[in-house]
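The values are calculated or read from the model by the stated rules, or taken from the named source; none is laboratory data. These numbers were taken from a predicted model, which means no experiment stands behind them. Here the Cβ positions follow ideal geometry from the backbone for every residue, glycine too, while neighbour counts run over all protein chains shown.
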Ligand code: COA
């Protein structure tokens, strides 16, 4: 590789004082399990930043006993869940949780938001049908140079997002990609349906994926879908099949509907299969895995798939669903952050992320971790500058809205301007969309 290319990549991976330095692998490059063909040659997609944010409101199983006919004992023994977080404040939305998680990921990586090339926000409870929640986040964090789109693959979405990020980076189309999983499922859960309301929770997790020449990173992915099971886990109304109407609202079709037993059987099968395929592609076996971070839906699913079928021991599987319930696409990144906090991830480790969900979909990826996980020491000046940047993002957003409003008020036709007629039709300034308040 030419020296100038190397320095570009070093810069991209944050090794010029702009992020944590991915650790050089001890093993020579050729001993590392071969990833899929590398379009750029020697270019890898490393996770260099991570963060999560959950609402402060906790709802325990005992709280749910007051709402539906259930019991703490039933929920704990059938699912492993003890409590979940719920966005009780109306200002807490999918975008605001996502933006908070994204800022933390950028802080860990010590990367300025203007360097982000792409934001992928996976969610099943988006801010709106459109625009994309990712665009609201892009505005909120001041990622002024980023493209942004939402990804809909239900609980598998975060791993789908990592696969997209890897593809963009290996193709040379991006240096930094923010992948976010964010949900406010409490807003689409039927709180009178004990089959579903005990399972889900709210939260967001984000990672920053960077181009790097350190071998490893997101090595291999396995994505799958079986749309014949679409109705097994579904929000039936609000889309083009059943647009919102008085009837859809009155019969509760805007809430999550689920065939729990069928989803359970599907999940146990695909978790093991997807993990095996992703590991095969990375040239690894279950024995090589240091930590599995599965989708946090149900402890019994994890036990029946990862532990029993793949025979990966309990101490190499990270579970935190007891405290958050199933946060859908946010569950893997939140669990990754907590695994890092618990010092269960270190450079050189082989990780597996594996998820399943509505679609039906499934996704797994094998990751060779590449960066130190100790809390980075970020200079006060860089940190202050980034925080100021977040405040400036809110001001910038307001300024752009104001300019747009002025264009609306100012008549395009000079004669109209001279007559003063435009004043009568001047529109009200537009309401700011949620999530972009720069919280
Ligand atoms: N509290 C008390 N009883 C409940 C209950 C609750 N919250 N929910 C269901 N029950 C009852 C059922 O009505 C049923 O009663 P019955 O036998 O009198 O008909 C009984 O408990 C057993 O229900 P069943 O559906 O067989 O339980 P289960 O052992 O399959 O567990 C799930 C139900 C939902 C926990 C389980 O099927 C599951 O986790 N499925 C996967 C769901 C999932 O992961 N979805 C998200 C995918 S991303």
key: Matching option when the condition is touching a strand residue (DSSP E or B) at 6+ places or on another chain (Cβ under 8 Å) and in contact (Cβ under 8 Å) with a residue 12 or more places away in the chain, among 198, 136, 144, 159   = 159
query = Just wondering, is there one or more residues in the stretch 106-118 that are more than 16 Å from the ligand (Cβ to nearest atom) and within 25 Å of residue 63 (Cβ to Cβ)?
reply = no
task = Collect the residues in the stretch 151-196 that are assigned to a strand (DSSP E or B) and either within 16 Å of the ligand (Cβ to nearest atom) or at pLDDT below 95 (or both), keeping them in residue-number order.
result = 151, 181, 182, 183, 184
inquiry  = Please pick out the residue among 308, 323, 281 that is surrounded by fewer than 22 Cβ atoms within 10 Å (Cβ to Cβ) and within 19 Å of the chain's Cα centre (by Cα).
reply    = 323
task = Could you please give the count of residues in the stretch 295-340 that are part of a loop (DSSP other than H, G, I, E, B) and within 16 Å of the ligand (Cβ to nearest atom)?
result = 8
Top-ranked residue of the stretch 197-232 - restricted to ones that are touching a helix residue (DSSP H, G or I) at 6+ places or on another chain (Cβ under 6 Å) and modelled with pLDDT under 95, ranked as farthest from the ligand (Cβ to nearest atom) = 213
task = Kindly list the number of the only condition in (1) in contact with a helix residue (DSSP H, G or I) (Cβ under 7 Å, 6 or more places away or on another chain); (2) farther than 26 Å from residue 306 by Cα; (3) buried (at least 18 other Cβ atoms within 10 Å of the Cβ) that fails for residue 267.
result = (2)
note = Filtering the stretch 355-373 down to residues that are away from the ligand (no atom under 16 Å from the Cβ) and in a strand (DSSP E or B) yields 365, 366, 367, 368
task = Evaluate the stretch 271-284: report whether one residue or more is within 16 Å of the ligand (Cβ to nearest atom), more than 16 Å from residue 222 (Cβ to Cβ) and either in a loop (DSSP other than H, G, I, E, B) or touching a residue at least 40 places away in the same chain (Cβ under 8 Å) (or both).
result = no
query = Looking at 243, 236, which one is at negative phi, more than 12 Å from the ligand (Cβ to nearest atom) and touching a strand residue (DSSP E or B) at 6+ places or on another chain (Cβ under 8 Å)?
reply = 236
query = Out of all the residues in the stretch 285-294, is one or more within 16 Å of the ligand (Cβ to nearest atom) and surrounded by fewer than 16 Cβ atoms within 10 Å (Cβ to Cβ)?
reply = no
